[in-house]
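The values are calculated or read from the model by the stated rules, or taken from the named source; none is laboratory data. Just so we're clear, the structure is a prediction, and the values are computed from it rather than from any experiment. Cβ: placed from backbone, ideal geometry, glycine included. Neighbour counts: every protein chain shown. For accessibility, only protein heavy atoms count, side chains too; no ligands or nucleic acids. Shrake-Rupley method; radii C 1.70, N 1.55, O 1.52, S 1.80 Å.
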Amino acid sequence: MDENGLRGYALRLCDWLVRLAALNGLWLVFSLLGGVIVGFFPAMYAMFAVMKRWCLKEGNVPLVRTFFQEWKGAFWRANIVGFTVALVGAILVVDYFIVFNLDFPGAAAAAALLMLCLLVYGLGVLFIGPALVVFDGALIPFLKNVALLAIASVRYAAFMAVFLCLAALLFVLVPPAGFCFAGSLFAWVTTHFSLKAFQRAKLLSHPAR
């Protein structure tokens, strides 16, 4: 079989579509197993862990077993990081709307500062999933390093934003595709470009494909 011909490309595309759909299904199922509230972040962690192995081509990855092991092994860490990040985001958004609707000297400057913080926060969110499955460390230094890395990798964040916007447009036009691929496609886009950013910053020993 010609692996480099049109047939080979079609087979690889179909293989990736099947894997992405299966991974997305596991993410949904394991989120529900944790009652969504405490299952969502461990399921996200497991999805990023599997995606990292796929992107680094770490050999044959038994999908269900690997997903379950990662979900169970990182259950508490994923929830601690996930809820901390969600809380920070909620505080920033609430503070921004409070400042935006108040009239006091320096309100415009405070609103601009909060908007800048929200921008950095958004950049960090794009990188935090892949970073969580690549790097260890205490919570506060980890979050600080992710924020600094995100600021230094704006180019890769821009690539992520473009691909994610295109994916969102596809899901709006074809809603069933969103149900089948939304989570796993988000994981693939962010992991693919994050690994390149990590490699560029000399934080990754394996070459990102």
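Give a residue-ordered list of calculated ³J(HN,Hα) values for the stretch 185-194 (Karplus: 6.51 cos²θ - 1.76 cosθ + 1.60, θ = phi - 60°; whole Hz; x for Gly, Pro).
Each residue of the stretch 185-194 in turn: 5, 4, 5, 5, 4, 5, 5, 4, 7, 5 Hz.
As a check on your grasp of the helix formula, calculate [θ] at 222 nm for the chain: sum -39500 (n - 2.57) over DSSP H runs of n ≥ 4, divide by the residue count, round to the nearest 500. Working shown, then result.
On the way: 8 runs with 169 residues, N = 209.
That calculation yields -28000 deg cm²/dmol at 222 nm.
I need the P(r) histogram for the chain: all alpha carbon pairs, bin width 5 Å from 0 out to the longest distance, whole percents.
Bin by bin from 0 Å, the calculated values are 1, 7, 13, 16, 19, 17, 12, 6, 4, 2, 1, 1, 0, 0, 0.
Give a quick list of trypsin sites (Lys or Arg not before Pro) in the stretch 25-92 that DSSP marks as loop, anything other than H, G, I, E or B, with at most 14 other Cβ atoms within 10 Å. Don't jump to the answer; show the numbers that get you there.
Details: sites: Lys52, Arg53, Lys57, Arg65, Lys72, Arg77; in loops: Lys57.
Qualifying residues, ordered by number: Lys57.
With +1 on each Lys and Arg Cβ and -1 on each Asp and Glu Cβ, how big is the dipole of the chain about its Cα centre, in debye rounded to the nearest 20?
Values: 15 positive and 8 negative charges, 120 e Å.
The calculated dipole for the chain is roughly 580 debye.
Could you pull the Cα extents of the stretch 28-88 along its three principal axes, largest to smallest, in whole Å?
36, 23, 17
To the nearest 10 degrees, how steep is helix 154-173 against the longest Cα principal axis of the chain, on a 0 to 90 scale?
70 degrees
How long are the three semi-axes of the equivalent ellipsoid of the stretch 85-157, in whole Å, if each is the root of 5 times an eigenvalue of the C-alpha gyration tensor, listed from largest down?
On the way: eigenvalues 149, 32, 17 Å².
They are 27, 13, 9 Å, listed from largest to smallest.
Of Val162, Cys55, Val85, which is farthest towards the positive pole of the chain's charge dipole, taken about the Cα centre with +1 and -1 on the beta-carbons of Lys, Arg and Asp, Glu respectively?
Cys55
With +1 assigned to the C-beta of every Lys and Arg and -1 to the C-beta of every Asp and Glu, and no other charges, what is the dipole magnitude of the stretch 1-57 about the Cα centre in debye, to the nearest 20?
Working: 6 positive and 3 negative charges, 26 e Å.
That gives a dipole near 120 debye.
Using the structure shown, list the pairs from Lys72/Lys202; Lys52/Lys144; Lys144/Lys196; Lys57/Lys196 with a Cα-Cα distance above 24 Å, or answer none.
Details: Lys72/Lys202 30 Å; Lys52/Lys144 22 Å; Lys144/Lys196 19 Å; Lys57/Lys196 14 Å.
Cα-Cα > 24 Å for Lys72/Lys202; rest within.
Where the centre of each part is set by its Cα atoms, how far does the stretch 11-41 sit from the stretch 146-209, in angstrom?
17 Å
Skip the ligands, DNA and RNA, and give the accessible area per residue of the chain with a 1.4 Å probe, whole Å².
Values: 11900 Å² over 209 residues.
Accessible surface, normalised per residue, equals 57 Å².
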